[in-house]
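Here's the structure, in structure tokens; my notes come after.
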Amino acid sequence: MSIGFGIVGCGMISTFHAKAIADVKGTKLVACFDTFAGSAEKFAAANGCKAYTDLEEMLADPKVSIVTVATPSGAHMEPAVAAARAGKHVIIEKPLEITLKKCDRIIEACNKANVKCGAIFPSRFHDSSLKIKKAIDGGRFGRLTLGDSYVKWFRTQQYYDSGAWRGTWALDGGGALMNQAIHSVDLLTWLMGPVVEIQANTATLAHERIEVEDTVVATLRFANGALGVLEASTAAYPGYLKRVEIHGSEGSAVLEEEDLKAWDFAKPRKEDKAILDQMKQQKSGGGGASDPAAIGHHGHTLQFRDFVDAVKKNRRPAIDGHEGRRSVEIILAVYKAAETGKPVKLPLRSDPVLKARAAGKKK
């Protein structure tokens, strides 16, 4: 018997959720919900599922076991909490939410209902990301010294004008950093470890009628002593592939979208040859650098597969609510540092689970 999915929100990203679900063996998209009947019906017709315009009705559907939340960022908490209370496992598109209070409400609701909570960050599941993570955990970089993330993308004014929620604090929760670069923020801290201090500047330089930043630069201090930089923009024409760079006293690696562009270690290993040979073959696509729809769904597929396995085996998914909360905390700290002009120390609020994991303990 297949595991039934229901999707909340039938905008652009819901299509990628549907494609991912179709690729995960033993699952089926059975329902979708949107407050706009036309959107729900059009999506249902395209994906062979039942359309709902009443969320409670969809959550009462016994065929729905897992709910994915694909609404605007600042409207994640309400459907996620409702789904948890209805006994449904929940996967939430990035960001988990736009405030720590809302993130915590989601996590608490899922814990109370004893359902799984997942935050979508497909970049962690790419083979290249996993190779870097394995090398870090294996000590190949020596002492980590620098960890940098660069997301120099481009969005037209029409992009922001296309939806009243875009570029607002209330529903977008931020600009280039919260909406576009959050994937790289998550990936960087997953690789480098917790951030303990941030300094930053933000600006709105190339867009009108938006409340949020289209350009941001921040410097980071990690708990292990390493330093780092976050750069993000939707005002860098024509838009370039995002990069994550990891450097240490004994090695360096550079990731451009899904492709490794540098893999250099003081102590080479046999397996490095295969990686270097593979590097010559790779060529990432647009990655959403100038078109938000120009992304693949394979990362979502891998993450949905992990989540379904977590449900079946009653284990923690690779990226749970606490992990999803981490990137939101960092971004909010960037905004606070930019607003005050002063360094901001983390955590902004204690998260015992993340604190325990940072200390190498399980909780």
Any idea what the relative contact order of the chain is, in percent, if you count C-alpha pairs under 8 Å spaced at least 6 apart? 18
Go through the range 234-248 residue by residue and turn each phi into a ³J(HN,Hα) via Karplus (6.51, -1.76, 1.60, θ = phi - 60°); whole Hz please, and just put x for glycine and proline. 10, 10, 10, 5, x, x, 10, 4, 6, 10, 10, 10, 10, 10, x
Would you grab the residues whose amide H sits under 5 Å from the one on residue 197? Only those 5+ places off in sequence or on another chain, please, with H modelled 1.01 Å from N. 221, 346
Counting each DSSP H run of 4 or more residues in the chain as -39500 (n - 2.57), what helix-only mean residue ellipticity at 222 nm follows after dividing by all residues, to the nearest 500 deg cm²/dmol? -11000 deg cm²/dmol
Over 21 Å (Cα to Cα) - which of 133/242; 102/134; 25/261 fall in this group: 102/134; 25/261
Just to confirm my understanding: which cysteines in the chain have no other cysteine beta carbon less than 4.7 Å from their beta carbon? 10, 32, 49, 103
Net charge of neighbours whose Cβ lies under 14 Å from the Cβ of residue 182, counting Lys and Arg as +1 and Asp and Glu as -1: -3
Using amide H atoms built 1.01 Å from N in the peptide plane, name the residues 5+ places from residue 204, or on other chains, whose amide H lies under 5 Å from its own. 214
J(HN,Hα) series, the range 99-113, from Karplus relation 6.51 cos²θ - 1.76 cosθ + 1.60, nearest Hz, glycine and proline x: 9, 5, 4, 5, 4, 5, 4, 5, 4, 4, 5, 5, 4, 5, 7
How high is the relative contact order of the range 3-119? Use alpha-carbon pairs under 8 Å, at least six apart in sequence, and give a whole percent. 24
Selected from 79, 17, 55, residue furthest toward positive end of dipole (the range 3-119; charges at beta carbon): 17
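A short reminder: the numbers here are calculations on the coordinates, not readings from a lab. As the structure is a prediction and not an experimental result, all values here were calculated from the model. Because the Cβ atoms are built from the backbone with ideal geometry, glycine has one as well, and the counts that use them run over all protein chains shown.
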